[in-house]
Structures are given as structure tokens and as C-alpha cells.
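Scroll down for the structure; my scribbles are underneath it.
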Amino acid sequence: MVAEFLEREDDRLTVHTATSASAGLDRLDQTRIDCVVSDYDMPGQDGIEFLSAVRGTYPDLPFILFTGKGGEEIASEAISAGVTDYLQKGSGSGQYAVLANRVRNAVSQYRSQRELEASRERLSLFVEQSPLGFLEYDSDFEIVRLNEVGEEILGYSEDELLGETWEKLVSEDNSDDVGELTSAPANAEGGSHSIDENVRKDGERILCEWHNRVVTDANGDVLAVFSQFQDVTAREERQRRIEALHEATRELMTAPTQVAVADSAVETARDVLGLRINSVYLYDPDADVLDPVAITDDALDLIGEPPTYEAGESLSWQVFQSGEVRVFEDVSTQPGRYNPDTDFGAEIILPLGDHGVMYVAATEPGAFDETDVALARILAANTETALSRIERARTLHESQRRYQTLVDNFPDCAVFLFDESLQYVLAGGDGLSSVGLTSADFEGATPHDLFPHDIADELVSHYREALAGRSHTFEQQYQGECYQIRTLPVRDDGEVVSGIAVSQRITERKEREHELRRYMRIVNTMHEAACIYDDDGRFAVVNEYLADFYGTTPEQLEGEQSALVPKIRATADGDPFQELLDGERDEIQGELETDFPGASEEVLAYRLTPLVVDGTVEAVVGITREITEKRARMQELERRTEELQTLNQRLQEQYRYLFEEAPIMAVVTRFEDGTPVIEDCNQRFAETLGYDREALVERELATFYTPESERELLDEGGYERALIGEFVRESRELVTADGTVVETLLRAVPREDVRDDVIGTFAFYVDVSERKELEREKERLDEFTSIVSHDLRNPLNVAQGQTALARETGDLDHLDAVERAHERMQTLISDLLTLARSGQHLDEIAPVSVGSLAEDCWRNTETHGATLNVRTDRTVRADRTRLQQLIENLLRNAVDHGGDDVTVTVGELDDGFYVADDGPGVPEDRREDVFEAGYTTSDDGSGFGLSIVEQVAEAHGWTVTVTESDPGGARFEIRGTGTSE
């Protein structure tokens with residue numbers, strides 16, 4: 001009856017009944033019970049005995065004694081046994097409403113107490129594992145907790161600070177600012193942040209960065225203040241000095257003379273870096289000494305008149321000669337010091353290139369730390385740069401003066417002198433007028449100020465090469481004319497100080513060369529030994545067949561004297577060769593014996609005719625034929641064998657090159673509808689992902705995982721293992737707001753509610769991106785080494801074997817197999833290099849139109865009769881060059897396997913795009929294999945194209961899968977790119 005009335009009073013109550021105390025204990029073991037209501041009089045054990053038994057196992061479970069047998073004795077006994085509430089039965093149904101209310105109150109209080117205990121446990125876990133100092137104040141702003149990290153920072157133990165206020169930790173100078181802690185945080189939504197000066201137990205003053213959070217009750221009254229902090233003294237001081245050094249460097253770079261630079265450097269070291277004893281010595285090349293040109297007063301007080309260092313004298317001269325920084329903990333004990341009785345202790349001597357040295361000293365040994373040395377190095381490097389700038393300006397002025405006469409009077413050319421900023425400082429010469437500009441137009445301008453971008457870009461590239469000490473000759477088209485340009489470095493005492501460019505108009509010469517090239521092509525395509533002779537009988541153009549006679553290459557032979565022409569002249573009446581040039585003869589033909597380098601005497605049949613261009617004899621065309629067939633065949637075999645040996649050696653070298661070279665984030669999750677949901681997270685997690693905390697809370701955790709990590713979390717039991725406490729450490733990839741993938745190491749433990757039910761997890765992430773990238777590089781190297789050692793070995797063996805057969809038998813047919821093997825190796829090497837150089841590295845990420853890029857890639861692909869159909873206007877954020885590799889490989893794969901008439905479609909997905917074709921498709925049991933490096937079904941394929949596709953996708957945090965297209969062909973789906981912009 002009690003059960004019926006209770007359920008009637010409150011439909012949220014589910015009542016289970018038992019007829020005895022023992023049955024009640026069994027029910028407690030079998031069913032989760034929130035509250036026990038018991039009578040006093042029961043069979044076997046009475047209500048008090050039943051209460052004692054319950055308390056033995058469930059010490060905090062609400063227990064209400066509801067009995068008709070009342071009395072102070074029973075009530076007192078029940079209270080002593082730990083009863084939650086005592087209610088005497090009465091008459092009427094109203095007593096059940098009172099009982100139901102007592103049950104609700106007891107359960108609510110029980111659950112609240114359990115939740116409070118769980119919250120305290122979570123807080124303690126976070127405090128003790130935090131890499132930061134943690135300090136807790138109560139409502140009176142007295143210290144009630146300090147973790148071990150905080151003890152290390154402040155020098156106090158927790159017991160020493162208990163009951164103290166912030167005033168014990170703050171300097172008097174900073175007390176007004178920190179005093180706002182008692183009022184400002186309570187009014188600051190999200191807490192407060194500050195950097196304050198604090199005083200350690202030993203009196204040392206340090207700077208600490210504080211993050212304060214106030215906990216209030218429902219009425220807004222302060223319950224506690226939580227403060228996390230870290231010592232940032234060294235960081236703040238280093239940043240101050242660096243900023244001041246940068247500011248001083250700007251003044252250093254504008255100093256007009258080298259002495260002014262030295263004065264500025266000494267002042268900067270003293271006033272900015274706090275290095276009060278320092279000086280600068282500059283090298284005097286005429287006297288071969290290091291002269292003191294700038295020195296601080298503190299240094300003068302110690303050493304008096306500064307010495308001048310002769311060659312080889314003192315530690316400063318040693319540093320000047322070696323160019324290496326030397327740091328002495330105690331220079332007074334250092335051999336080679338200038339003054340044996342020096343007052344200096346610690347000393348740093350820094351080279352200033354060819355200009356001299358700078359030294360920094362202190363009277364105490366070991367006075368300089370790593371920051372002092374690093375900042376002194378920066379100052380010395382900037383000083384050297386400023387000194388070099390002044391020296392370059394001087395030498396450039398000298399160059400201008402020397403080159404002025406040359407520039408003004410250079411015949412048939414335009415001459416330009418430019419400085420390190422690529423500005424023209426001189427321009428002149430007879431050819432300057434051909435570009436329609438004057439010297440005044442050039443001087444002070446840059447190529448981009450005067451010429452179109454494409455021309456200016458090329459000029460700038462070669463000008464920079466000249467300033468780097470390298471000469472180049474190149475041609476450019478401008479305003480319908482052709483120009484040949486020569487760029488060279490201008491040196492002073494061996495150092496490049498500027499550059500010079502000489503430009504000559506060669507339009508007419510190029511036109512004549514064009515016509516000559518037509519004849520050259522004819523000569524080069526002839527199947528006989530042929531050449532073009534110039535006026536002196538030298539080879540102007542030589543084809544492969546003629547070069548074979550001489551046992552060399554056409555390039556090496558061109559410009560050399562012919563062996564044939566002198567013999568013709570020696571054996572004929574008059575000078576028939578000159579008669580051809582003069583237009584007096586139509587041809588010369590005959591036979592003669594002649595010697596060739598490295599060969600015996602040969603019998604040649606020859607025919608020489610004039611080469612006429614626009615009615616003028618420009619040269620002589622010669623055709624020769626070796627009459628001895630065996631010699632011709634042997635020379636051909638030797639030439640091709642040597643060529644193949646060279647190619648084979650080069651490929652082996654490329655093969656060998658490939659073979660040998662190729663503080664924590666915390667998240668609280670809730671298990672909801674089978675999915676982990678972010679219930680809370682710390683600021684480091686939010687900052688790492690690039691979101692506000694509010695944007696993360698109540699979001700599914702998998703939203704911020706890469707697809708692979710999401711699969712490990714949900715499909716492969718990662719979250720379930722964490723829920724049951726089996727999870728130790730696993731790798732997870734997080735995705736930031738801008739799409740960046742962050743490699744992390746995850747540690748997760750189960751989280752329980754007041755009923756001891758597991759309701760989620762505590763998750764801690766450590767950023768291990770750099771370490772994971774190194775591991776990936778090693779895996780890729782192992783993979784490439786395996787592929788290279790296997791896939792390249794077969795064709796290399798074929799090439800070597802067939803070459804040996806060709807040598808032994810003289811049969812040229814063996815060389816066809818060698819050429820096919822070399823083509824196969826070249827394909828493998830090209831794709832391997834692409835695969836090896838790509839990796840996970842991305843350059844600039846920017847919006848890219850998938851459709852437009854696909855059309856560009858189609859134009860760069862050998863498509864035969866294939867058709868491209870673009871059905872997407874999606875824009876993705878990607879590295880354009882890497883995305884181009886992905887699309888080109890998919891298009892090429894479709895054409896290679898789909899045939900000449902294949903139709904390729906680039907379309908759109910909800911979260912990406914696809915490339916599909918109507919070819920034969922990929923069998924379902926082979927769809928995972930196609931992305932493996934080296935997998936191919938084609939005899940001439942490298943098997944790396946789709947591996948490159950997968951690698952590019954993974955580098956962007958995308959996935960790529962293959963399935964069947966609507967027409968039955970292959971369809972490659974790229975997902976995870978995000979929505980179209």
C-alpha cells in the first residue's frame with residue numbers, strides 16, 4: 001500500500017518492495033536503489049538491524065525509517081545507526097505526501113553531495129597534473145591551497161602560505177595593481193589575466209603571469225578564487241632587450257660612416273644590452289693593425305688608454321683571423337691574452353667580418369649567460385652588416401667613376417651598371433636609343449619601373465645572379481626586336497660590389513640564323529654524314545653521322561677545322577672551295593683517303609655545294625660517305641655502346657642517389673547517444689584549435705578530428721576503451737579552425753557520475769606534431785628504399801645484360817631492349833622523385849577552383865581522343881601545386897586505363913569532389929591495392945601515380961577512396977575538403 005501511494009504522489013518515483021530485511025538486502029544487491037524506506041517491525045531482523053546491515057555496505061545511501069511503532073528510544077537508536085530521516089506513521093493519505101517529499105529531499109541531498117565530491121576529485125586531479133603553479137583563495141581571499149609547481153616558483157611551502165593573503169607575495173611597487181584582485185575578477189567575465197612582480201621567500205623579485213578565475217554562488221557571492229601562474233622573468237627580460245635591440249639596429253643601419261657605426265654599436269651594447277664594458281676595433285689594412293675606434297667609459301676606467309693590436313697579437317687578433325666568436329668564463333687565465341694582469345674576468349670577443357672585432361667584458365668570471373651571448377652575437381652581426389653597407393657604398397661610387405667613360409662610349413651596344421638594390425646607377429652606349437629611353441630614364445630606376453613584368457622578371461633574375469658572382473648570356477624580345485644580353489659581376493678586391501649588363505640588338509643576325517637553322521635541320525635529318533662549312537672551312541653544323549667519323553659529338557666538332565677541305569685544296573688545281581664561296585662553281589665531288597682521330601685511314605666519297613640564302617652564298621654544304629661498310633658499322637656500334645654506357649652509368653648514379661638519400665590540452669567529454677560530446681575544455685585546447693571555448697562546448701568531439709582519428713575514436717573502439725579504463729595512450733590528429741592538422745598523444749580515463757556510472761572521459765592531449773613528422777619521413781624513406789631496390793633492379797639488369805650482348809655480337813638489335821629498359825627506369829625515377837619530394841609538406845594554402853584547375857591539368861595531359869566533363873564550381877583551400885599533382889595523376893590514370901575515347905568527369909560531393917570515368921573500372925578486391933606505391937597493372941606504368949594522389953590528399957587532411965562510377969568505370973572520391981566557398 002505504501003508503494004502504491006508513493007507512486008501516486010509522484011510519478012517520478014519507482015518503488016520496489018521486499019517483505020523482509022534479508023529480501024531487502026538481496027534487492028539492493030540486484031537493483032540500483034536511490035532511497036530505502038523501511039518499517040520497524042519486520043520478520044527476522046527489525047528496522048534498526050536492517051539499517052545497520054545497509055550501512056555496512058552502503059554507508060551514504062538515504063534510509064528513512066517509516067514506522068507505526070514510535071518512541072524516543074527507537075528514534076534515538078535509529079539516529080545512532082545512521083538513519084537519514086525518521087517518520088512515524090499516521091492516519092490518512094496525507095502522510096504519504098510527507099513521505100514522498102522526505103524521499104525526494106534525501107535523494108537530492110545525496111546526489112548533490114556525490115557530485116560535489118566528484119567535482120573536488122576532478123579539480124584535485126587537474127591541479128596536481130598541471131604544469132603551472134596553482135593557488136586557491138577562499139572567500140576572504142586567504143590562501144587555502146598551493147601545488148608543488150607553485151611551491152617551486154614562490155619558494156614557500158603550502159603550509160607556510162596557508163591563511164596568508166596575496167600581500168605576502170607581491171612587491172610594494174605592484175601592490176596597488178594586484179589589490180584589484182579582490183574586486184576586479186568577480187566582475188570580469190571569464191576571469192582576469194595579468195603579469196605582476198612577485199617576491200619569493202628568499203626576497204628575489206620575479207615576474208609571474210597570472211590567470212585568475214572567481215567561483216561564485218547563485219547570488220554572485222565569492223566562494224573561491226583559482227589562480228594559475230608561471231615565472232616569466234627571463235622571458236620578459238629577454239623580450240625587452242630584443243625589442244630595444246631591434247630599435248637600436250635601425251639607427252645603426254643609418255650611420256653615415258664606419259666610425260659612426262662603431263660608436264652606435266658600443267652605445268647599444270651599453271644602454272640596451274646592459275654590457276657596460278665594451279669596445280669596437282676596426283682593421284686598418286695599410287698598417288695591418290686593429291685600431292680602437294669606440295670604447296665605453298667603464299672600459300676606459302679599467303684599462304686606461306686602449307691598445308692597438310699588431311698582427312697576430314692578442315686574443316682579439318685570433319678572433320679576427322678565425323672569424324669565430326670566443327666566450328671566456330675567465331679571460332685572466334687564458335693563454336694568449338694581451339695583458340697578463342688584466343682586470344677582466346668574463347669576456348666575449350665577436351668578429352665583425354673583414355672590418356674588425358667587438359669585445360664585451362665584465363670584471364667577474366662567468367658573468368655572462370646564454371642570453372647575453374646570443375644578444376651580443378645579434379648586435380655584432382648587425383654591426384658587420386652596417387659596416388659592409390658603408391664599404392659597398394664606397395666601392396660602388398668608385399665603380400661608377402671607373403665605368404662612366406666605358407658606358408658613355410661603348411660601340412653598338414647599351415651598357416647598364418646596377419647596384420645591390422637592382423637600381424640602375426649608370427646607363428649609356430650607342431645602342432641605348434634603340435629601346436626609346438635615355439640615360440636619365442634609367443638612372444635611379446629598376447627593371448620593373450621601365451619594362452613589362454615578364455621582361456623585368458627575367459632581367460631581375462639574371463641581375464641577382466650577377467650580384468652573386470655568376471655571369472649569364474641570354475636573349476630577349478622587346479618592341480619587335482631581339483636583343484642579346486650579357487650580365488657580369490663587378491668586383492672590387494675580389495668582392496662583388498655591383499653588376500653590369502651589356503645589351504646588343506641582334507634582330508638581323510637572328511633572321512639569318514633562322515634561315516640557316518632550316519638548312520641545319522635538313523642536314524641533321526640526313527642519313528649520311530653531312531655538315532655545313534663556314535668561309536674558313538670550319539664546321540658550322542655537323543650531324544651525328546659525320547661526328548661518328550671523328551669519334552666525337554657534333555657539339556665538340558663544331559668550330560673545328562675540317563680534315564677534308566685542306567685535302568681537297570691540296571689535291572686540286574686552284575682553290576675549288578673558294579670558288580664555291582665566290583659563286584663560280586656549282587659543286588665539288590670526288591673520292592679521297594683521309595685520316596680521322598683514333599681511326600685508320602678511310603676512303604670517302606664527297607660532294608660539296610654552295611648554301612645560298614637570299615641570293616648570297618653563306619656557306620658550303622658537304623656530304624660524305626665512307627666506302628668501307630665494316631668501318632661504318634663498327635663506328636656506329638662503338639658510338640651507341642659508349643652512349644648507352646654513359647646513360648647506363650648516369651642512371652645507376654641516379655639509382656644510388658635514390659637508394660641512399662631518398663602545456664597540456666584537457667577535455668571533459670560526455671557519452672551521449674553513442675557519441676562523445678565536449679562538456680568542457682581548458683583554454684590551451686581552444687587556443688590550439690583556434691576557437692573560442694564557447695564554440696567547442698556541447699560539440700561532438702569527433703568534429704575536431706581528422707577522418708582517420710574519427711574512425712579510431714568511434715568505429716575502432718577508442719572511446720569505448722577509454723570508458724572502461726583500458727585506454728593507455730594513443731595518437732590522435734586534431735583539426736584547427738583553419739584546417740591545420742595537429743598531431744597529438746592522447747591519454748584518457750573514465751569519468752563517473754554520483755551513481756558511479758561512467759558518463760564520459762577526461763582526455764589530455766600533448767602536441768607531438770614535429771616528432772610525428774619525423775617518424776613519417778623515416779617511414780617514407782624506408783618505403784622508397786624498398787621500392788627503389790626492387791623496381792629499378794630488373795630494368796637495370798636488363799640494360800646491363802643487353803649492352804654486354806651488343807658488345808660481344810655486334811648486333812644492334814640488342815640495343816632496342818636497352819633503350820626500352822632505360823625509358824622504363826626514367827619513368828620510375830621521375831615518379832619516385834615526385835613521391836619522395838612531396839611528403840606531408842604544404843606551401844601556401846589559398847582558395848583554388850577545382851573546375852578551373854582540372855581544365856588546366858587536362859591541357860597538360862596527353863589525352864588522345866578522350867573527353868573532359870567539368871561539373872563543379874567548388875573552391876577549396878589547398879596548396880595549388882600539390883592539388884595540381886593530385887588532379888593530373890587522376891586524369892592521366894583515367895586516360896591510361898580507359899582508352900582513347902574515355903569520358904572523364906570532375907564533379908562535386910557534399911564535402912569534396914570526385915574524378916570519374918566510363919572505362920573498365922577497378923575490381924572491388926583491388927580498390928585498396930591501387931594506392932600502394934609501385935602497384936600497377938600496366939607494363940609501362942610506374943605504379944606511383946595513385947600513391948602520389950593519396951599522399952597529397954593526406955597532406956591536406958583529406959581522404960581519397962575509389963568506387964564504381966555510374967557508367968561502371970572508376971570513381972575517385974576526395975572528401976574532407978570542407979564546403980564550397
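The values are calculated or read from the model by the stated rules, or taken from the named source; none is laboratory data. For clarity, every value in this text was computed on a predicted model and none was experimentally measured. Here the Cβ is made from the backbone with ideal geometry for all residues, glycine too, and neighbour counts use every protein chain on show. All accessible areas refer to the heavy atoms of the entire protein, side chains included, with ligands and DNA or RNA removed. Shrake-Rupley method; radii C 1.70, N 1.55, O 1.52, S 1.80 Å.
At a glance:
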| item | result |
| --- | --- |
| Cα-centred dipole magnitude for segment 856-899, charges only on beta-carbon of K, R (+1) and D, E (-1), debye, nearest 20 | 200 |
| Charged-residue dipole, Cβ positions (Lys, Arg, Asp, Glu), segment 1-95 about Cα centre, Debye nearest 20 | 100 |
| Protection proxy ranking, peptides 419-429, 23-33, average beta carbon neighbours within 10 Å, highest first | 419-429, 23-33 |
| Cα-projected label distance for residue 97 with residue 687, points at 7 Å along beta-carbon direction, nm | 5.7 |
| From phi via Karplus (6.51, -1.76, 1.60), per-residue ³J(HN,Hα) for segment 688-699 in Hz, x at Gly/Pro | 4, 7, x, 10, 6, 4, 4, 6, 9, 5, 6, 9 |
| In nm, spacing of pseudo-spin labels at residue 747 and residue 193 (7 Å Cα→C-beta vector) | 2.6 |
| Protection proxy ranking, peptides 43-54, 351-362, average beta carbon neighbours within 10 Å, highest first | 351-362, 43-54 |
| 3J(HN,Hα) from dihedral phi, segment 262-272, Karplus parametrisation 6.51/-1.76/1.60, rounded to Hz, x for glycine, proline | 4, 4, 5, 5, 5, 5, 5, 4, 6, 7, 9 |
| Dipole of segment 291-356, positive direction: furthest Cα of 342, 317, 299, with charges on the beta-carbon | 317 |
| Percentage relative contact order, segment 190-281, counting C-alpha pairs under 8 Å, at least six apart | 17 |
| Positive minus negative residues near residue 423 (Lys, Arg vs Asp, Glu; Cβ under 15 Å) | -2 |
| Under 14 Å, Cβ to Cβ, from residue 884 - net charge with Lys/Arg +1 and Asp/Glu -1 | -2 |
| Dipole of segment 665-764 [Lys/Arg +1, Asp/Glu -1 at C-beta], most positive-end residue of 748, 706, 724 | 748 |
| Relative contact order [Cα under 8 Å, 6+ residues apart], segment 702-763, whole percent | 28 |
| Pair residue 867, residue 468: separation of 7 Å Cα→Cβ label points (nm) | 4.9 |
| Accessible area per residue, Å², segment 478-590 with all protein chains present, probe 1.4 Å | 54 |
| Under-5 Å amide H pairs with residue 42, H placed in peptide plane, nonlocal only | 47 |
| Formal net charge of residues neighbouring residue 353 (Cβ-Cβ distance under 10 Å; K, R +1; D, E -1) | -3 |
| By average C-beta atoms within 10 angstrom, highest first, the peptides 686-693, 157-164 | 686-693, 157-164 |
| Portion, in percent, of the accessible area of segment 447-540 that falls on carbon or sulfur, probe 1.4 Å | 45 |
| Gain in span if fully extended, residue 484 to residue 343, counting 0.36 nm per residue against the direct Cα distance | 44.2 nm |
| Relative contact order of segment 268-328, pairs being alpha-carbon contacts under 8 Å that are 6 or more residues apart, as % | 23 |
| Extension gain (nm, one decimal) between residue 448 and residue 524, 0.36 nm per residue minus Cα-Cα | 23.3 nm |
